[in-house]
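The values are calculated or read from the model by the stated rules, or taken from the named source; none is laboratory data. What you see is a predicted model; the values in this text were computed from it and never measured. Cβ atoms come from the backbone with ideal geometry, glycine included; neighbour counts cover every protein chain shown. Note: areas computed on protein heavy atoms with side chains; ligands, DNA, RNA excluded. Shrake-Rupley method; radii C 1.70, N 1.55, O 1.52, S 1.80 Å.
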Amino acid sequence: MKRYYAGFLLLVAAVAQGADKAATTVTRSHETPLYNNTAAQSWGLTQEEWSHYEALKRGERGIWSPSLDPLTTLGVEATSDAERQRFADLLVEKESQRVEKELAFQRVYDEAWKRRFPALTPVAAVSLDTTSRLAVFVSENCPSCDTRMKTLLASGHPLDIYLVDSRNDDSRLRRLALTWKIDAARVQRRDITLNHDAGRWLQYGQGKMPVVLAKQGDTWLPVTAP
């Protein structure tokens, strides 16, 4: 009888342990969709689009371009013009928000420096390699911009080019791209982006043109080279 009772207790314990595992599995199965849904919403995507993005990451695109953001990944692999346009619009909005936040912090940083060290000019040694992404503010009919762009395009740096006073005229961006002979393949893979400046140049330009910035940590710093 003791041996039977002991066996019965072991059976009860095993059943209880199995129930705990099942409960954990059920809980996790509810957690994953919640996480995915939150991530999808942050990028402006539906749950179905996010699932497609995760599937693409597990396939060839994930091997070729493992660091691509969700919107670029979906845009590159889109099968219709309507899809490509949707993801392009979402990406422009997302990048605009990113740049705005980073520049807002830079303004506060500059003000803090002037407040604490009014007699000193901040000097930042910007360490660059060919993977450092640069923000470039340019204008039309600007010989110094033409000269600087030739150097920047040859440097291999990823570039976000902002045309000042463009009045959101895309034809002006296309004209500059032709003038500077920008490689269309680099634009397609977003190694280079062409953008309309929304007044950000006024925060950093100080009357100068062009202006080149590089991100260092959470701040944007002027670059004198390349």
Requiring at least 1 residues that are touching a Pro at 6+ places or on another chain (Cβ under 8 Å) and of a type in the set (A, V, I, L, M, F, W, C), the strands (runs of 3 or more DSSP E) wholly within segment 128-196 are 134-138, 192-196
When restricted to VAL187, VAL211, the only residue in contact with a Gly (Cβ under 7 Å, 6 or more places away or on another chain) and modelled with pLDDT of 75 or more is VAL211
Condition set open to solvent by less than 30 Å² (accessible area, probe 1.4 Å) and among the hydrophobic types (A, V, I, L, M, F, W, C), scope segment 60-106, selection farthest from GLY199 (Cα to Cα): answer is ALA78
Of those in segment 115-137 that are out of contact with any Asp or Glu (no Cβ under 9 Å at 6 or more places or on another chain) and of a type in the set (A, V, I, L, M, F, W, C), the residue modelled with the highest pLDDT is PHE117
Residue pairs qualifying under the 8 Å Cβ cut-off, at least six apart or on distinct chains, with the first in segment 83-94 being assigned to a helix (DSSP H, G or I) and the second being open to solvent by 90 Å² or more (accessible area, probe 1.4 Å), are none
Checked segment 38-51 for anything assigned to a helix (DSSP H, G or I) and buried (at least 16 other Cβ atoms within 10 Å of the Cβ); matches are ALA40, GLU49, TRP50
